[in-house]
Amino acid sequence: MNKTVTFGFGILGVLFFIIASILGGFQFDNYSHIQQYISETYAINAPYGIYLRVFGFIPSGIFIILFSFSALKLLPENKLLKLGLVGFAFLYGLGNILVSIFPCDIGCNKELINPSVSQIIHTISGGITYTLVPFCLILIGWAARTWTDGKNIMLLSFICGIISFIFSLLISGNPTGYYIGLFQRIIEGSVLIWITTFAFYIKNQH
């Protein structure tokens, strides 16, 4: 697999996610990136929700899956690395696709009052993703410790993994809290920063 292609997969996955997340908020006059979930921008019956899902979050998930599997072919063979990258592909890449196919109810029904089937699947999938993805990053970081130039990736993976895990606990502990939007964006930001840095790392390998 070509390093430049792998790099492109990672960067496109990040860009599609960021652009869709930013544009989604413009649908609503009083949308708050601090107080509201990203999922609310593409919820059932959201004005442009279907377009955000089809042209934003689903392509992002596809590119992230491609990035993860192609990265696996370019890096030193390691069982922990394989477990981490395959897990990341399915949990974060496929997870983004799954929550887009099954969007949440209007307002994301945080109290889960008479939730739709789509809302239930969305909530379970998102919860699994946010709980387990941090461990994938940590596994990849642990594998990177054996690479001759992998110390920075190891450190970044640990930091991003720990930060995303802490804030996923904060969300799960109080899913209706005032700062849930901020907490979610810290999680997503940690993961997207990790993807971007990892993509550049792969691209610059000799």
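Numbers below:
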item: Relative contact order of the stretch 24-133, defined on C-alpha pairs under 8 angstrom at six or more residues apart (%); result: 29 percent
item: Between helix 151-173 and the chain: long-axis angle, C-alpha atoms, 0 to 90°, nearest 10; result: 20 degrees
item: Near-label residues of the stretch 184-203 by backbone N, under 18 Å of a point 7 Å along Cα→Cβ of residue 34; result: 184-187
item: Net charge over other residues, Cβ less than 15 angstrom from the Cβ of residue 74 (K, R count +1; D, E count -1); result: +2
item: Formal net charge of residues neighbouring residue 139 (Cβ-Cβ distance under 13 Å; K, R +1; D, E -1); result: +3
item: Helix 117-144 axis, angle to the chain major axis (alpha carbon atoms, nearest 10°); result: 20 degrees
item: Global size of the stretch 1-41 as Cα Rg and Dmax, reported in angstrom; result: 14.2, 45
item: Whole-Å distance, taken between Cα centres, linking the stretch 129-206 and the stretch 63-125; result: 14 Å
item: Neighbourhood charge, 14 Å Cβ-Cβ cut-off, centred on residue 130 and excluding it, Lys, Arg +1 and Asp, Glu -1; result: 0
item: Over the chain, relative contact order from alpha-carbon pairs under 8 Å, at least 6 apart, %; result: 26 percent
item: Tilt relative to the chain, helix 3-24 - C-alpha long axis, 0 to 90 degrees, to 10; result: 20 degrees
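The numbers here are math on the coordinates, done by the rules we state, and not lab data. Just so we're clear, the structure is a prediction, and the values are computed from it rather than from any experiment. Methodologically, a virtual Cβ is constructed for each residue, glycine included, from the backbone with ideal geometry; neighbour enumeration extends over all protein chains shown.
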